[in-house]
Amino acid sequence: MRRNSCEFRYETRSIWVQCGELMRHLMEKGLVCIVDRDDSLGRSMLYGTTKKFLQMFGLNSLKDLPEIEQLRPPAATGAQA
């Protein structure tokens with residue numbers, strides 16, 4: 001059995017910022033763990049959340065998280081005067 005049981009996988013390669021330090025801190029706190037490596041060029045690490053992550057944020061499952069569309073700000077509409 002793994003030390004950290006992960007709940008899901010998420011590819012971070014779409015995030016074009018240096019996030020290594022952030023991911024290291026999240027791993028140290030037991031909120032995320034490495035679950036796999038991507039098969040594409042560069043073999044990016046794939047991360048997953050842990051049960052501790054769900055507990056810390058008061059979630060029963062990952063289905064309780066908002067959809068990505070709900071997190072985006074609304075688009076500007078109309079011309080400004």
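The values are calculated or read from the model by the stated rules, or taken from the named source; none is laboratory data. Here the structure is a predicted model, which is why all the values come from computation and not from measurement. As a convention, Cβ positions derive from the backbone with ideal geometry for all residues, glycine included, and neighbour counts pool all protein chains shown.
Couple of notes before you dig in:
- Residue pairs meeting the criteria (Cβ under 8 Å; at least 6 apart or on separate chains; first closer than 15 Å to residue 55 by Cα, in region 29-45; second among the polar types (S, T, N, Q)): 30/4; 30/50; 31/49; 31/50; 32/49; 32/50
- Leading residue by the ranking (nearest to the chain's Cα centre (by Cα)) among those in region 40-65 that are in a loop (DSSP other than H, G, I, E, B), loosely packed, with under 10 Cβ neighbours inside 10 Å and modelled with pLDDT of 85 or more: 61
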